[in-house]
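For reference, the structure discussed in these notes is given below.
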Amino acid sequence: MDPKAFVLGMSALGAGLAVCAVMGAGAGQGYAAGKAAEAVGRQPEGRGVIMSTMLIGMAVAETTAIYGLLISIILLFANPLLGQV
Amino acid sequence: MNFSNRNLWPLFRFGDETIYITDTMRGTWIIMAVLIVLAVIVRLKARRFVESPAPNSFQNLVELMVESMDQMAKSNMGQELAPLGAYFFGVFAFILISNYAGLFGFRPPTADLATTLSFALNTFFLIHFLGISRRGGKYFKDYLHPNVIFLPINIIGEIARPISLSFRLFGNILGGVIILGMLYAALPVLLRFILPDALHFYFDMFAGSLQAFIFTVLSMTFIREKAVSEEE
């Protein structure tokens, strides 16, 4: 088999697997949004503070998903492994 | 499909490398020009701003923007560091407009790691400069916080901050650029005018303004954490 084709195919597979990182971030963001909805239900007057706190927490949780996305983007568009074939 | 930062015109040679003007530089200059023109217009009009219960709509808009950013700086960093709101207004405006650049057909400058990393490094130096100049010895004591053993972990945590701050913004915007680019390449020409609008709304406007907001608020929170002592 052509080694380049093998590396390209495996890179595509790895890119797909790397995006599995978004599962945890999605679950975490959903949990945060649910808790924020509970808090707003309990204290409707604190809506602004709760919303901004929730958005900041979600952004921090999202970072892990972004790392996975970046790994898959690098594997697809700027593959470092192809130079070693 | 090529989503990378294109080299547009060669600028000069540096050793064996040619330095190009890239998409990012062109976009950055356009956005800087827009912001400078807006600032000059506001400055010229500000002479005629009056203290009145019913200001005209332009004055109202400008005051709303400046006051909400001052309010945000004050609530996130405290009264003493509130003047930093002016700096963060500039950062927020630049990131917001460059995230919106996708709507006008440019490549957003924030889809380049160089732009976001330089903003994050600004924040990084601001955090530690303010921390050392305002708190002195207590700033260094923070690194030994629970125990001396945690010193390397605390230092790595500080280095990771600008990295996560820059990668968050970069990854969000680059993801939007790539998804929209693939959609535009897949659609027939006539459909390109209608279908991507919803995705433009989400990736450019919603995610763009959210990320600009989050970048400024997280920077402010980090500065507060290091530069404002807890006893105050």
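Rule-based calculations on the coordinates, nothing more; no lab input. This one's a predicted model, so the numbers in the text were calculated from it and none came from an experiment. Don't worry about glycine lacking a Cβ; one is built from the backbone with ideal geometry, like all the others, and counts go over all protein chains shown.
Where a ≥ b ≥ c are the square roots of the eigenvalues of the C-alpha gyration tensor, would you call chain B rounded, which needs a/c under 1.5, or, failing that, prolate if a/b is larger than b/c, or oblate? Oblate.
If we count every other residue with Cβ under 15 angstrom of B:Gly157's Cβ, Lys/Arg +1 and Asp/Glu -1, where does the sum land? Walk me through the intermediate numbers first.
Details: positive: B:Arg161, B:Lys226; negative: B:Asp142, B:Glu158, B:Glu225.
Neighbour charge sum, excluding B:Gly157 itself: -1.
Here the gap between B:Gln71 and B:Glu225, fully extended at 0.36 nm per residue and compared with their Cα-Cα distance, gives a gain of 53.6 nm. Model label points for B:Ala186 and A:Val60, set 7 angstrom from Cα along the Cα-to-Cβ axis, are 3.5 nm apart.
When Rg and Dmax are taken over the Cα atoms of the protein assembly as shown, they come to 22.4, 79 Å.
Each residue, B:Ile153 and B:Phe193, gets one label point 7 Å from its Cα in the Cβ direction; the gap between the two is 6.0 nm. Measuring how big the range A:21-84 is from its alpha-carbon positions, Rg and Dmax come out at 17.0, 59 Å. Placing a pseudo-label 7 Å from each Cα along the Cα-to-Cβ vector at B:Arg135 and A:Glu45 gives an inter-label distance of 3.2 nm.
Bridging of B:Lys141 to aspartates and glutamates at a Cα separation below 16 Å is possible for B:Glu158, B:Glu225, B:Glu230, B:Glu231, once same-chain residues fewer than 8 apart are set aside.
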